[in-house]
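Single-structure report; data block below.
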Amino acid sequence: MKGKIIVCRCEDVTLHDVEHSIELGYADIEEVKRFTGFGTGPCQGKECMALIARIVAERAGVEAASVPAFTSRPPIAPTPLRLFARDPAGDPDDGAGSEER
Amino acid sequence: MAFGSDLVIDRTRSGEPLPERAELVIIGAGVMGLSIAYNTAKRGLTDVVVLDRGYLAEGASGRNGGGVRQQWSTELNVRLMAESVEMCRRFAKELEFNVWFRQGGYLFLARSAAEVSRLEKNVELQRRCGIPVRMLDAEGARDIVPELSLDGIAGAAYNPSDGILFPWPFLWGYAQQATKLGVKLHTFTPCVGIDVEPGGGFVVHTERGSVRAARVLDACGAWSGEVSCMVGVELPTWPIRHEICSSEPLKPFLRPMVSELSSGLYFSQSMRGEIVGGVSLPNEAPTLSMGSRLKFLAHYSRRLVSLIPRLGNVKVLRQWAGPYDMSPDGNPILGEPPGVPGFFLCCGFVGHGFMMAPVVGKLYAEWLTGGDKHEIFGLHTLDRFHGAGAGDVAKEDFNIG
């Protein structure tokens, strides 16, 4: 049954996949992300992160609030390359766009 | 995605304490440390502990573009990489882990006569080493990648036997097999100090306890200098941030990794269908920061869309960064530094350690287990940068991206 419970819709990750990752020792939320691929699709974790953080916390026997989200990656939403290509920060000699996210 | 068997790989998670002693402690569970651990264990030296301060794939081994190529400018690197490619081909079978290795080739694009002659010189060397690489004109490049804009393209070098892999499972495969053979892997175990024992050997102190070790190997990539300082060894290496990004998945259309010499642009299509790529940014100051910047994404997008205009409508899903471990002559630093016998270095791979790791791990393990000492361990030493013999090593100038 756990192999049929989808916990990340973008990448078809099941509850079983998440539990298998934790059993192997890949139990940190960053490790679970890499081992199962959850949160690496179009939603970038916006739909699935809270649910999987709760599973990770339960298995580790800690409060859900103590499991941090995995590192969020820009851009905020999927964005066409042509829009970035027009950005003035694309001139490498210009100092624009140097803020870190 | 689902990988692996029902084996507990990570001792930290199972609550196991560090062992009191080990023959070899490897600091850094990146691809280099894990490849060395797997290969030493395979050769019978299983009393090995691998430490990492974070999780597997947290450093540059989990942040690179997965390219594996034989197009290099020194004969040594061409021959080493030819062996590494063969090892990548056999990896899934030998280590029982699918690393999604795909030999779609590497296409290097030149935009000037000078760049063309640079490629021609390398191609001549590579062909002498038996690599099936060839020069192409602009039209020939478009036969390989029909979507290319030929505007300003002066020529290209194409080797069909280069390829790409998915970096993360490579680490898990090495970790799983090394563990099965008896290697102890402890992640989230930062090394905080190393005592050099007067009678030989070391005590490696971590936040989770100490391990006595006959030998220690530093394979911490861009962080290697922090560890070598603990035994009084200063490295001439420095970290440079390289950013990279991934698009939404597309139907497979792009066979090779494509790289533009003039900008350091590189991109390939992963087995998941994403376009994964990066570009060089000029005048970058040394940093271990892994923050992401709009400056990178805008410059990358500009270069990529001008080369393949049709990609303009493809969406970027995410960007990230990792450090290159730069060395003064573009070659790695290996072996025992002067004055600290039993302490081994494996760093300075200038952003290409991942593809070198299969062969370097094998060669290192041969040496550490009493077998042959390959010439790289005599050539690529720390003391080549000082005193007699300094500057005798052929400079590798084809570190692209």
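The table for this structure:
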| read-out | value |
| --- | --- |
| Residue within the stretch A:72-88 that is more than 10 Å from chain B (Cβ to nearest Cβ) and not in a strand (DSSP E or B) present | yes |
| Condition check for B:GLU396: part of a helix (DSSP H, G or I) and of a type in the set (Asp, Glu) | no |
| Residue list for the stretch A:28-51, restricted to those being of a type in the set (A, V, I, L, M, F, W, C), crowded, with 20+ Cβ neighbours inside 10 Å and over 10 Å from the mean Cα position of the chain (by Cα) | A:PHE35 |
| Of all residues in the stretch B:223-245 being among the β-branched types (Val, Ile, Thr), surrounded by fewer than 21 Cβ atoms within 10 Å (Cβ to Cβ) and not in a strand (DSSP E or B), the one that is nearest to the chain's Cα centre (by Cα) | B:VAL233 |
| Residues (farther than 19 Å from B:SER259 by Cβ, touching a Lys or Arg at 6+ places or on another chain (Cβ under 7 Å) and within 7 Å of chain A (Cβ to nearest Cβ)) located in the stretch B:300-323 | B:GLY312, B:ASN313, B:ARG318, B:TRP320 |
| Pairs where the first residue, in the stretch B:23-36, is assigned by TED's automatic domain parsing to the domain that holds B:ILE194 and charged (D, E, K, R) and the second is buried (at least 24 other Cβ atoms within 10 Å of the Cβ) and modelled with pLDDT of 95 or more, C-beta under 8 Å, 6+ apart | B:GLU23/B:VAL48; B:GLU23/B:ALA213 |
| Residue in the stretch A:1-10 that is nearest to B:THR12 (Cα to Cα), counting only those that are within 11 Å of another protein chain (Cβ to nearest Cβ) and surrounded by fewer than 21 Cβ atoms within 10 Å (Cβ to Cβ) | A:GLY3 |
| Residue tally, condition in contact with a Lys or Arg (Cβ under 9 Å, 6 or more places away or on another chain) and more than 14 Å from chain A (Cβ to nearest Cβ), over the stretch B:162-195 | 7 |
| Tally of residues being surrounded by fewer than 23 Cβ atoms within 10 Å (Cβ to Cβ) and either closer than 26 Å to A:GLY37 by Cα or hydroxyl-bearing (Ser, Thr, Tyr) (or both) across the stretch B:284-297 | 7 |
| From B:GLY348, B:GLY312, residue being small (Gly, Ala, Ser), in contact with a helix residue (DSSP H, G or I) (Cβ under 8 Å, 6 or more places away or on another chain) and surrounded by fewer than 21 Cβ atoms within 10 Å (Cβ to Cβ) | B:GLY312 |
| Conditions (1) under 30 Å from B:LEU95 (Cβ atoms); (2) in contact with a helix residue (DSSP H, G or I) (Cβ under 8 Å, 6 or more places away or on another chain); (3) surrounded by fewer than 20 Cβ atoms within 10 Å (Cβ to Cβ); number of the one not met by B:LEU368 | (3) |
| In the stretch B:246-274, residue farthest from B:ARG318 (Cα to Cα) [restricted to those that are part of a strand (DSSP E or B) and touching a helix residue (DSSP H, G or I) at 6+ places or on another chain (Cβ under 7 Å)] | B:GLU260 |
| Sole residue being surrounded by fewer than 18 Cβ atoms within 10 Å (Cβ to Cβ), at pLDDT below 95 and closer than 24 Å to B:PRO239 by Cα, chosen from B:GLY387, B:GLY391, B:GLY401 | B:GLY391 |
| Verdict on B:ASN39 being within 11 Å of the chain's Cα centre (by Cα) and either in the same structural domain as B:ARG215 (by TED's automatic domain parsing) or surrounded by fewer than 24 Cβ atoms within 10 Å (Cβ to Cβ) (or both) | no |
| Residues being touching a strand residue (DSSP E or B) at 6+ places or on another chain (Cβ under 8 Å), at the interface with chain B (Cβ under 7 Å from one of its Cβ atoms) and in a loop (DSSP other than H, G, I, E, B) - total across the stretch A:28-52 | 3 |
| Matching residues in the stretch B:292-322 - criterion: being over 22 Å from B:GLY273 (Cβ atoms), part of a helix (DSSP H, G or I) and aliphatic (A, V, I, L, M) | B:LEU294, B:ALA298 |
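Rundown of residues vs (1) over 28 Å from B:LYS121 (Cβ atoms); (2) in the same structural domain as B:ALA157 (by TED's automatic domain parsing); (3) not polar (S, T, N, Q), yes/no style:
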site: B:ARG293; (1), (2), (3): yes, yes, yes
site: B:PHE296; (1), (2), (3): yes, yes, yes
site: B:PRO309; (1), (2), (3): yes, yes, yes
site: B:GLY339; (1), (2), (3): yes, no, yes
site: B:GLY353; (1), (2), (3): no, no, yes
site: B:ILE376; (1), (2), (3): no, no, yes
site: B:THR381; (1), (2), (3): no, no, no
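The values are calculated or read from the model by the stated rules, or taken from the named source; none is laboratory data. What you see is a predicted model, and the numbers here were worked out from it, not measured in a lab. Note that we place each Cβ from the backbone using ideal geometry, even for glycine, and neighbour counts take in every protein chain shown.
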